[in-house]
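Report on one structure; see the data block that follows.
The values are calculated or read from the model by the stated rules, or taken from the named source; none is laboratory data. For clarity, every value in this text was computed on a predicted model and none was experimentally measured. Heads up, the Cβs are rebuilt from the backbone with ideal geometry, glycines too, and the neighbour counts pull from every protein chain shown. In case anyone asks, the SASA skips ligands and DNA or RNA and just uses the protein heavy atoms, side chains included. Shrake-Rupley method; radii C 1.70, N 1.55, O 1.52, S 1.80 Å.
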Amino acid sequence: MKNEKRMDNNGFSLVELIIVIAIMAVLIGVLAPQYMRYVERGRMATDNSNVVAVEGALQVHYTDTEASDQLEDGTTVVLNHGPATSSGATAAVNEALRNAGLVPATGTVADLPELTNQDGYDSVTITVSIDVNGNVSVTDNRP
């Protein structure tokens, strides 16, 4: 008698399956937007970290008196969703980024990481300024 199969157990009913699918759909509908916000927040943090790293590299490099002689007031590095660009003292900027390890030993500004947050910035412009005393400051246009 114990080895006989019971024929009255046919598995889940259609109503039970529909209820489970409906519950899963509600959970996904509630959790998916929250997950996307976390992903975008992570991308924004990555972008901010990259901007701060570039600023730090430029600031450290240009505090050295020999390097600051190569620098032009108004030198910029522009990070965007494509390859980064630079204007003014590009060789010195590339050297600063190589010394900081932000680009490969033979790399250039174009090898910097791209911005990844589509809802954040279209581009971030990092500007190097020199005052009349030769003090170097590095700023960006992030809000």
TODO: Specify the residue that is nearest to ARG98 (Cα to Cα); the eligible residues are those in the range 6-61 that are open to solvent by 100 Å² or more (accessible area, probe 1.4 Å) and among the polar types (S, T, N, Q).
DONE: ASN10
- [ ] Could you list all residues from the range 99-137 that are charged (D, E, K, R) and within 19 Å of the chain's Cα centre (by Cα)?
- [x] ASP111, GLU114, ASP119, ASP122
TODO: Considering only the range 105-121, state which residues are under 15 Å from THR76 (Cβ atoms) and either open to solvent by 40 Å² or more (accessible area, probe 1.4 Å) or assigned to a helix (DSSP H, G or I) (or both).
DONE: THR108, VAL109, ALA110
TODO: Could you figure out which of (1) over 25 Å from GLU40 (Cβ atoms); (2) surrounded by 13 or more Cβ atoms within 10 Å (Cβ to Cβ) isn't true of ASP131?
DONE: (2)
TODO: Give the residues of the range 75-97 that are touching a residue at least 40 places away in the same chain (Cβ under 8 Å) and open to solvent by less than 10 Å² (accessible area, probe 1.4 Å), sorted by residue number.
DONE: THR75, VAL77, LEU79, LEU97
